[in-house]
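The values are calculated or read from the model by the stated rules, or taken from the named source; none is laboratory data. Quick caveat, the model's predicted, so the values are computed rather than measured. Glycine also receives a Cβ, built like all others from the backbone with ideal geometry; neighbour counts cover every protein chain displayed.
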Amino acid sequence: MPSTIAPCLWFDTQAEEAARYYTGIFQNSKITATSYYADAGQEIHGKPAGSVLTVAFELNGQPFTALNGGGTQFPFSPAVSFQVECEDQAEIDYYWEKLTAGGDPTAQQCGWVADKFGLSWQIIPKNLSAMFTDPDAAKSKRVFQAMMGMKKLDIAALQRAFAG
């Protein structure tokens, strides 16, 4: 029986803001449902009744849930990131501009960014994996070396490195 795997992203109070932000960036995306805290369990969760509990949303058909869990005991880290495979440099530039806005500039390296909520993304060309796994190890090494010197990935420079 197939199951859907959907990430659940823990926010303090920004779940709705984040869902709107992400669905505004990715095409074919939408908010699908919002749930709210009730009086029940308030002694545990401490959230006012009627405040947003979860926001279900889709990015290019991939389901996500944003949860207002409260507190900052579970911050995002680069240990988990979402890869955005891009067709061309214009697409890389678009996602880079959108996801770096308000984010941490020191978290930008090798195509990785941390957005304004601290969530990590990898903005990469679709053919990057093929370049890394090419049977010619010298090509892969050159691509890796070129990538290590970049913040935002430059497809033309990676292809030049691959070609030698």
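Quick notes on this structure:
- Test: residue in the stretch 94-104 that is among the hydroxyl-bearing types (Ser, Thr, Tyr), farther than 22 Å from Thr13 by Cα and modelled with pLDDT of 95 or more: yes
- Just one of the numbered conditions (1) surrounded by 13 or more Cβ atoms within 10 Å (Cβ to Cβ); (2) out of contact with any Phe, Trp or Tyr (no Cβ under 6 Å at 6 or more places or on another chain); (3) part of a helix (DSSP H, G or I); (4) touching a residue at least 40 places away in the same chain (Cβ under 8 Å) is not true of Leu99: (2).
- Taking each residue of the stretch 134-152 that is in the same structural domain as Asp104 (by TED's automatic domain parsing) and looking for partners that are of a type in the set (Val, Ile, Thr) with beta-carbon atoms closer than 8 Å, six or more apart or interchain, yields Ser140/Thr133; Lys152/Ile92; Lys152/Ile123.
Each row is one residue, and each column tells you yes or no for (1) out of contact with any helix residue (DSSP H, G or I) (no Cβ under 8 Å at 6 or more places or on another chain); (2) small (Gly, Ala, Ser).
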{"residue": "Arg20", "(1), (2)": "yes, no"}
{"residue": "Lys30", "(1), (2)": "no, no"}
{"residue": "Asp39", "(1), (2)": "yes, no"}
{"residue": "Asn60", "(1), (2)": "yes, no"}
{"residue": "Leu67", "(1), (2)": "no, no"}
{"residue": "Glu91", "(1), (2)": "yes, no"}
{"residue": "Gly103", "(1), (2)": "yes, yes"}
{"residue": "Ala114", "(1), (2)": "no, yes"}
{"residue": "Leu128", "(1), (2)": "no, no"}
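- Exclusive hit being within 23 Å of Trp10 (Cβ to Cβ), within 15 Å of the chain's Cα centre (by Cα) and surrounded by fewer than 16 Cβ atoms within 10 Å (Cβ to Cβ), set Val80, Val113: Val80
- Residue within the stretch 42-53 that is modelled with pLDDT of 95 or more and not in a loop (DSSP other than H, G, I, E, B) present: yes
- Residue ID - surrounded by the fewest Cβ atoms within 10 Å (Cβ to Cβ), chosen from residues in the stretch 116-136 that are small (Gly, Ala, Ser) and within 18 Å of Glu17 (Cα to Cα): Gly118
- Residue list for the stretch 15-34, filter: under 12 Å from Gln62 (Cα atoms), among the β-branched types (Val, Ile, Thr) and not in a strand (DSSP E or B): Thr23
- Residue match in the stretch 10-18 (condition: out of contact with any Lys or Arg (no Cβ under 8 Å at 6 or more places or on another chain), of a type in the set (S, T, N, Q), outside the structural domain of Ser120 (by TED's automatic domain parsing) and touching a residue at least 60 places away in the same chain (Cβ under 8 Å)): yes
- The condition (being closer than 23 Å to Ile5 by Cα and of a type in the set (D, E, K, R)) is satisfied by just one residue among Asp88, Asp93, Asp115, Asp104: Asp115.
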